[in-house]
Amino acid sequence: MKKYFIALLIFSQIVFSGCQTQNNIISEEVKENIKSRVDNSENTGIVVGVINSKGVTYYNYGVKSLKTNSPVDENTVFEIGSVSKTFTGILLADRVVNRELSLDTPLQQLLPKGITAPKRNGKSIKLYHLSNHTSSFPGMPNNFTPANSENPYADYSIEQLYNFLNDYELPRDIGSKYEYSNYSQGLLGHLLAYKKQMSYEELVNEVITNPLKLENTRITLNPKMKENLAIGHNSFGFEVENWDIPTLAGAGAIRSTAVDMLNYLAHNMGLKKNDLYPAMKLSHTKTATVHNSLKVGLGWHILLRDRLEIVWHNGGTGGYRTFIGFIKGGDKGVVVLTNSKNAVGIDDIGFHLLDATSPLTEPKKPSIANLINIKIRNEGMEVATEIYWKLKESQSDKYDFGENQLNDLGYFYLSKGELENAIAVFHLNVKIFPNSSNVYNSYAEALMKNNEKEKAIINYKKSVEINPDNINSIAMLKKLGMNDGD
């Protein structure tokens, strides 16, 4: 049994006159931690960039693709996911600074004729509510039903965006609670561009990327970006599709490099002066509280640690994770990019580089599922199974042999429509963990998809026998006409 969540996650080399790259900014501890993550197959490639008033420094380890083994570097292109929200926040702040809009401008004022924003107790949603996640909109709209789970935002239309808005009833008072919302940020980005009669990408390029000379920060990949693109990978080392986010682009559609992201940070920090700096400063200003140590600006989040204020955001798409942040009023900014989706993430690296008291996550043992996946692909299930048992007996301390390793691999095969591999992996997991209710449920689910009803019933029953409270298995047995005592 497994639940799937689709979301964007909870982010030209800069040269200063007379300054050189600093060799000791990224410690050996951080470098060894990064090496371990890549060598243990937690990540495919990681790029770290650090900036201060003395210059910039990078550390790169790993590859763009496991197939080509081309190394990552500071010019490698990654999807930055929800770091795009900081661009959307700056776009709003720029309109405010130029007196075209106010933070208190009602959402309704930007909507096309015939579209009505919901109200609550007579109060209206303001633009800043969209930017700081207090609009009372959900994380994702209830009409978000992707045709392709590997590129989930691609077919979400403007019509759906507006239909949800027209039909939605706010569950609580506007501004009363923080709820991270891709919908609200995507809506804000769309409307800011709509009012300028532009696409979101055109607006970002006109206001931010072109003036700041962020030449490799785009939604649409130019030829150079295509050449330098890191391929996204899931936690098993499978290559995954890039995400297309046309309607909700303001929530997470941008791609970029470490060089450009450090340039972006330099302008946000005031290390490089530009006409956008007043808008950038406004976007860093606290407008809402998540809890005592976490505030929200416009797009950006602000973490309070002792006397430090860290302005930051992270990001994630199907095969990428990103972190970007800087010390407000201080002299350090950090970007971390990886072309891997995994449970650990890379936020801890970014926070540690900004505040050494923030701990690094210890790299985990490599998942046995990664190796088994490779063996299945190259040598078949029979050979992979033999290798699994041998390694479990002789190298149990080297790999993570936990129940969820093969279970997650089975579900990945299931999502790809590879039923034979999925069933074989789930069956192996049942043999390894014969006292787990969950593995029988998973095996039964795959059997059902393969129209093996009788076998599925046997395994659902076994799941309930081990855990009488396994709701999913109980529900499936009832659906299959199995009553208590059958």
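The values are calculated or read from the model by the stated rules, or taken from the named source; none is laboratory data. The model shown is predicted, which means the values in this text are computed figures rather than measured ones. No Cβ is skipped: glycine too gets one built from the backbone with ideal geometry, and neighbour counts run over all protein chains shown.
Given the structure, is L221 outside the structural domain of I376 (by TED's automatic domain parsing) and crowded, with 18+ Cβ neighbours inside 10 Å? Break it down into steps so the answer makes sense when it comes.
Working: outside the structural domain of I376 (by TED's automatic domain parsing): yes; crowded, with 18+ Cβ neighbours inside 10 Å: no.
No, not satisfied.
Quick check: anything in segment 409-416 under 24 Å from A456 (Cα atoms), surrounded by fewer than 16 Cβ atoms within 10 Å (Cβ to Cβ) and out of contact with any Leu (no Cβ under 8 Å at 6 or more places or on another chain)? Write out each step before concluding.
First, the residues of segment 409-416 that are under 24 Å from A456 (Cα atoms): 409-416.
If we keep only those that are surrounded by fewer than 16 Cβ atoms within 10 Å (Cβ to Cβ) too, we end up with 415-416.
Cutting the leftovers down to out of contact with any Leu (no Cβ under 8 Å at 6 or more places or on another chain) gives us 415-416.
Yes: segment 409-416 contains one or more residues that are under 24 Å from A456 (Cα atoms), surrounded by fewer than 16 Cβ atoms within 10 Å (Cβ to Cβ) and out of contact with any Leu (no Cβ under 8 Å at 6 or more places or on another chain).
For segment 280-311, give me each residue that is small (G, A, S) and assigned to a loop (DSSP other than H, G, I, E, B).
S293, G297, G299
Restricting attention to segment 328-382, which residues are among the β-branched types (V, I, T), over 27 Å from F412 (Cα atoms) and over 21 Å from the mean Cα position of the chain (by Cα)?
From segment 328-382, those among the β-branched types (V, I, T) are 334-336, 338, 344, 346, 349, 357, 361, 368, 372, 374, 376; that's our starting set.
If we keep only those that are over 27 Å from F412 (Cα atoms) too, we end up with 334-335, 349, 357.
Residue satisfying the conditions is T357 alone.
Pick from segment 436-486 the residues that are assigned to a loop (DSSP other than H, G, I, E, B) and within 34 Å of the chain's Cα centre (by Cα): which of them is surrounded by the fewest Cβ atoms within 10 Å (Cβ to Cβ)? Give the steps one after another, and end with the answer.
Of segment 436-486, the ones assigned to a loop (DSSP other than H, G, I, E, B) are 436, 450-452, 467-470, 480-486.
Narrowing the set further to residues that are within 34 Å of the chain's Cα centre (by Cα) leaves 436, 450, 467, 469-470.
Values: S436: 18, N450: 15, N467: 17, D469: 8, N470: 20.
Top of the filtered list is D469.
If only one of D331, D348 is surrounded by fewer than 22 Cβ atoms within 10 Å (Cβ to Cβ) and assigned to a loop (DSSP other than H, G, I, E, B), which one is it?
Numbers: D348 fails: assigned to a loop (DSSP other than H, G, I, E, B).
Just a single option satisfies the conditions, and that option is D331.
Which residues, counting only those in segment 101-126, are more than 16 Å from Y194 (Cα to Cα) and basic (K, R)?
K119, R120, K123, K126
If we keep just the residues of segment 154-168 that are touching a helix residue (DSSP H, G or I) at 6+ places or on another chain (Cβ under 8 Å) and buried (at least 17 other Cβ atoms within 10 Å of the Cβ), which is nearest to A193 (Cα to Cα)? Full working, then the answer.
From segment 154-168, those touching a helix residue (DSSP H, G or I) at 6+ places or on another chain (Cβ under 8 Å) are 158, 161, 164-165; that's our starting set.
Cutting the leftovers down to buried (at least 17 other Cβ atoms within 10 Å of the Cβ) gives us 161, 164-165.
On the way: L161: 15, F164: 19, L165: 18 Å.
Filtering first and then ranking leaves L161.
What number of residues in segment 185-202 are surrounded by 16 or more Cβ atoms within 10 Å (Cβ to Cβ) and under 14 Å from P246 (Cβ atoms)?
9
Among all residue pairs at least 6 apart or on different chains, which show Cβ distances below 7 Å where the first residue, located in segment 373-398, is crowded, with 16+ Cβ neighbours inside 10 Å and the second is at pLDDT below 90 and among the small types (G, A, S)?
N373/G237
Which numbered condition trips up N314, out of (1) surrounded by fewer than 18 Cβ atoms within 10 Å (Cβ to Cβ); (2) in contact with a Gly (Cβ under 8 Å, 6 or more places away or on another chain); (3) part of a strand (DSSP E or B); (4) not β-branched (V, I, T)?
It fails just one condition, (1).
Condition check: in the same structural domain as M140 (by TED's automatic domain parsing), surrounded by 23 or more Cβ atoms within 10 Å (Cβ to Cβ) and either of a type in the set (K, R) or under 27 Å from R37 (Cβ atoms) (or both). Does M269 satisfy that? Spell out how you get there, then give the answer.
Details: in the same structural domain as M140 (by TED's automatic domain parsing): yes; surrounded by 23 or more Cβ atoms within 10 Å (Cβ to Cβ): yes; either of a type in the set (K, R) or under 27 Å from R37 (Cβ atoms) (or both): no.
No: the conditions fail for M269.
Which residue pairs have Cβ atoms closer than 7 Å, lie 6 or more positions apart in sequence or on different chains, and pair a first residue in segment 285-308 that is at negative phi with a second residue that is among the acidic types (D, E) and in a strand (DSSP E or B)?
These pairs meet every condition: I302/E309.
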